[in-house]
Amino acid sequence: MNRRPITALALADVHPGAPATSKPEVTWIKPTELLVDAGYQRDLSDASLRLIRRIVERWDWRRFKPPIVAWTDDGLEVIDGQHSAIAAATHPGIDLIPVVVVEATAQSDRAEAFVGHNRDRVAVTAAQMHVAAVAAGDPAARSVARVAAAAGLILLRLPPARAVYKPRETIAIAAVRGLVTLEGEERATEILSVLTEAELGPITAAQMKAAQHLMTDPQFADLDRAGLIQTIRATPARQAEQEAKEHAAVHCVPLWRGIAAVWFKAVRKKAPRTDARSPSRMPKGGIAIPAWVPEDLIEDYRDVAHLEGEERAASHVRKLKMEAAR
């Protein structure tokens, strides 16, 4: 077990504040007897209703956080924990809940405490949630862990100091999970292995999506995997990212499509042509080359058509012709 005791930190230049109120008490109460002040509490949004529904459907005392409340002239008022209190009131099997009673006589004190509860907290990252989910035995989290291990992908809990990443590292846990969900463990491992073998770092969500596109779309079935790895490894990351951003801006497509276009073009340029005299105009992959496309731009037309469609390819080639004529 990886347990450690809570220890005090030696924090420099910290001056502890004196407790301003008496120590809180814990008491049990019917949740329907609690009050909510609309003057500072949040209204129930659609997200709030979904959260309350989940709490009710998955009720577990081990997940329950006692609301923080304070006495007023009308009764106990909730400062923090409105969703938990409403969920308890909604659940037919819950009669009483524990609450922590603090001293906050004035509304301004209670509102200030509400602000403190919702401001003074460190959000749990997706990567940290993943680690906890693996320890809890969550099947989806364990599937992600297996794929990462098989692909040689290093899942970080937090971004490294000064954002200096090593090859094969990523914090894009959600993207890995999405890839595993869509493609399955075996195929997701193959896709991620291309990025890890190319020694990318960090490996981003956009890069994962680009690799997925190139390795799963039928129009790229003849794309050489080894050539793709070599191309990614040989292309400076900043250069590839800049070219991808420019492509995405010009063609009004997501960044991942820009990355896929940069990689695809680089792989095609390195691939030997079957006919050294002239690229073929014959339909390939369902794409026929129009007669007006110059021979030296046939491959450019075909590459863009593969990625963005024939209209985009035509626009791209016309632009190249205009630039060459200047």
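FYI, it's all coordinate maths here, none of it is from the lab. Worth saying up front: this structure is predicted, and the values here are computed from it rather than measured. All Cβ positions, glycine included, derive from the backbone under ideal geometry; neighbour counts span all protein chains shown.
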For the chain, built as a Gaussian network whose Cα springs stay under 10 Å, the top-fluctuating residue of Val131, Val293, Val115: Val115
Only four residue types carry charge here, +1 at the Cβ of Lys and Arg and -1 at the Cβ of Asp and Glu. Report the dipole size of the chain about the Cα centre in Debye, rounded to the nearest 20. 1300
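Given that compact globular proteins tend to follow 2.2 N^0.38 Å, what is the ratio of the alpha-carbon Rg of segment 61-178 to that value? The partial results should precede the final answer.
Numbers: Rg = 20.5 Å, N = 118, 2.2 N^0.38 = 13.5 Å.
With N residues counted in segment 61-178, Rg over 2.2 N^0.38 Å equals 1.52.
Fewest first, what order do Glu310, Glu33 take by the number of other Cβ atoms within 10 Å?
On the way: Glu310 17, Glu33 11.
So the ranking, lowest neighbour count to highest, is Glu33, Glu310.
By per-residue mean of other Cβ atoms within 10 Å, what is the highest-first order of 216-225, 148-157? Walk me through the intermediate numbers first.
Numbers: 216-225: 12.7, 148-157: 17.2.
My ranking of the peptides, most packed first, is 148-157, 216-225.
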Take the Cα pairs of segment 126-235, get the Kirkwood Rh, then feed it into Stokes-Einstein at 25 °C and 0.890 mPa s and tell me D in µm²/s. 174
Can you pull the percent of Cα pairs in segment 106-171 with separation above 16 Å? 62
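Could you grab the relative contact order for the chain? Cα pairs under 8 Å, six or more apart, rounded to a whole percent.
RCO, the chain: 10 percent.
How would Trp292, Trp263 line up from fewest to most surrounding beta-carbon atoms within 10 angstrom?
Values: Trp292 9, Trp263 26.
So the ranking, lowest neighbour count to highest, is Trp292, Trp263.
Can you bin segment 1-63 into rounded, prolate or oblate? Criterion: square roots of the alpha carbon gyration tensor eigenvalues sorted a ≥ b ≥ c, rounded for a/c under 1.5, prolate for a/b above b/c, oblate for the rest.
Working: a/c = 2.01, a/b = 1.48, b/c = 1.36.
Verdict is prolate for segment 1-63.
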Cα-based Rg (one decimal) and Dmax (whole number) for segment 25-119, in Å? 12.8, 36
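Taking the Cα centre of segment 25-119 as the origin, how large is its charge dipole in debye, to the nearest 20, when only Lys and Arg (+1) and Asp and Glu (-1) carry charge on their Cβ atoms?
On the way: 11 positive and 15 negative charges, 138 e Å.
I would put it at about 660 debye.
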Averaged over all viewing directions, the convex hull of the alpha carbons in segment 66-133 casts a projected area in nm² of 6.2
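Rounded to the nearest 5, what % of DSSP beta bridges with both residues in the chain are antiparallel? If you can, show how the numbers build up before the last one.
Numbers: 11 of 17 bridges.
Around 65 percent of the beta bridges assigned by DSSP in the chain are antiparallel ones.
In what sequence do Ile86, Ile29 fall when counting other Cβ within 10 Å, fewest first? Numbers along the way, then the final one.
Details: Ile86 23, Ile29 19.
Starting with the residue having the fewest Cβ neighbours, the order is Ile29, Ile86.
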